[in-house]
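As structure tokens, the structure follows; a few thoughts come after it.
The values are calculated or read from the model by the stated rules, or taken from the named source; none is laboratory data. Since the model is a prediction, treat every value here as computed from it, not as a measurement. Cβ placement follows ideal geometry from the backbone for every residue including glycine, while neighbour counts extend to all protein chains displayed. Each accessible area value is taken on the protein alone, full model and side chains, heavy atoms only, with ligands, DNA and RNA left out. Shrake-Rupley method; radii C 1.70, N 1.55, O 1.52, S 1.80 Å.
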Amino acid sequence: MPALTDLLNVLKMQVEIYHNAKVCGQWILKEHELGATCFHIVTQGRCAINIPEHFVGTLDSGDLVIFPRELAHTMTAIDSDGSTQVHLDYKIAATLQGTGMLCGKVLFQHPAINQLLSALPAVFIIQRAQSAQWLEPLLSLILDQSYQPNVASSILLNRLCEILFIYGLEQHIAQIKTGDSPSFIALYSHPKLSKAVAAIHSNPAKSWSLAELAQCTHQSRTSFCNSFKKVSSWSAIEYLSWWRMQLAWDALLSGQPVATVAEQVGYQSESAFSRVFKKQFSVSAGKVRRAPLLYQSSGFAASNSV
């Protein structure tokens, strides 16, 4: 999904692992930060999970849970000797009964994350049995690093978990079916429409006509427009404008003049560009360029808006 790769590159994702240990005894883990983007993966053993109004069941080793915006939930021991809850290093607890749990928070440095998170379900679970091709090798590498904790392994774990999160997103998007609720992310895996999106991403400054985009998908102009709207709820021109603005945000943060950025993303008129930018982000292009640190200091949490 090249278009999804483009979007993730723009988002500048960063993972912070906040729990990685073997939990032993009669343990219980609850939500870490409501509203934040986070994930859990069972690295060893199994546990019960309860997400009120969404899912109640069992997670086995290798199962991955992704919360676009974290909800209240609990994970609890299934196999326990009834002793007091303890969190132990994997090596120390190698022979003890318990469950390996790795939990991470995901931060982003671009406001486009708000559209992506809103397009995802409240929670989704990637089962190891259905994702063995990519999940098992990643789980093996994660466990290898978890058994030898040091500064280098911490960095490697964060990077491995970024890959884990990306694969999880890709799998969810690939499984979107025709007839599901309209969403722009469904375009990225659509057999025909993804080609038009890829064309837009390859040359966002081009003055694309609907006929040209339809030709990319081998559809008539009318069929293309209808199917694009049905799948995404956006028109192709609305998507083109949205994507241009996401690129413009990054360019302005780098200090490029507003007029230069406007031309780079396909606008002949600086004033026309500025109007669209202000409508998209509720802040002027000039302000973003003049105060980049204000908009890139600590990234965008899942619940943030611009």
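At-a-glance table
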quantity	calculated
Every residue from region 52-61 that is surrounded by fewer than 20 Cβ atoms within 10 Å (Cβ to Cβ) and either within 23 Å of Asn158 (Cβ to Cβ) or in contact (Cβ under 8 Å) with a residue 60 or more places away in the chain (or both)	His54, Phe55, Asp60, Ser61
Flag for Gly82 being surrounded by fewer than 21 Cβ atoms within 10 Å (Cβ to Cβ), more than 22 Å from the chain's Cα centre (by Cα) and within 26 Å of Pro149 (Cα to Cα)	no
Region 206-251, residues that are basic (Lys, Arg) and farther than 16 Å from Ala186 by Cβ	Lys206, Arg221, Arg244
Lone unmet requirement of (1) over 30 Å from Leu252 (Cβ atoms); (2) at pLDDT 90 or above for His110	(1)
Contacts under 9 angstrom Cβ, first residue in region 23-39 being over 10 Å from Glu70 (Cβ atoms) and in contact (Cβ under 8 Å) with a residue 12 or more places away in the chain, partner acidic (Asp, Glu) and not in a strand (DSSP E or B), 6 or more apart	Cys24/Asp81; Gly25/Asp81; Gln26/Asp81
Subset of region 203-226 [without any contact (Cβ under 8 Å) to a residue 60 or more places away in the chain and crowded, with 18+ Cβ neighbours inside 10 Å]	Trp208, Leu213, Ala214, Cys216, Thr217, Gln219, Phe224
Filter result (modelled with pLDDT under 75, under 13 Å from Leu253 (Cα atoms) and open to solvent by 30 Å² or more (accessible area, probe 1.4 Å)) within region 294-306	Gln296, Ser297
Tally of residues being under 22 Å from the mean Cα position of the chain (by Cα) and open to solvent by 30 Å² or more (accessible area, probe 1.4 Å) across region 62-74	3
Check on Leu157, buried (at least 17 other Cβ atoms within 10 Å of the Cβ), of a type outside the set (Lys, Arg) and farther than 30 Å from Lys229 by Cα	yes
Residues that are among the charged types (D, E, K, R) and either out of contact with any Pro (no Cβ under 8 Å at 6 or more places or on another chain) or open to solvent by 40 Å² or more (accessible area, probe 1.4 Å) (or both), drawn from region 235-255	Glu238, Asp250
Filter result for Ser140 (among the hydroxyl-bearing types (Ser, Thr, Tyr) and touching a helix residue (DSSP H, G or I) at 6+ places or on another chain (Cβ under 9 Å))	no
Members of region 120-176 found to be farther than 26 Å from Leu34 by Cα and among the acidic types (Asp, Glu), listed by number	Glu136, Asp144
Region 68-82 - residue that is of a type in the set (Asp, Glu) and either free of Cβ contacts under 8 Å to residues at least 40 places away in the same chain or touching a strand residue (DSSP E or B) at 6+ places or on another chain (Cβ under 7 Å) (or both) and, of those, nearest to Phe124 (Cα to Cα)	Glu70
Per-region count, region 214-239, residues farther than 17 Å from Gly179 by Cα and among the polar types (S, T, N, Q)	6
Selection within region 240-275 - in contact with a Ser or Thr (Cβ under 7 Å, 6 or more places away or on another chain) and touching a residue at least 40 places away in the same chain (Cβ under 8 Å)	Gly266
Strands (runs of 3 or more DSSP E) wholly inside region 81-154 containing at least 3 residues that are more than 30 Å from Ala186 (Cα to Cα) and not polar (S, T, N, Q)	86-88
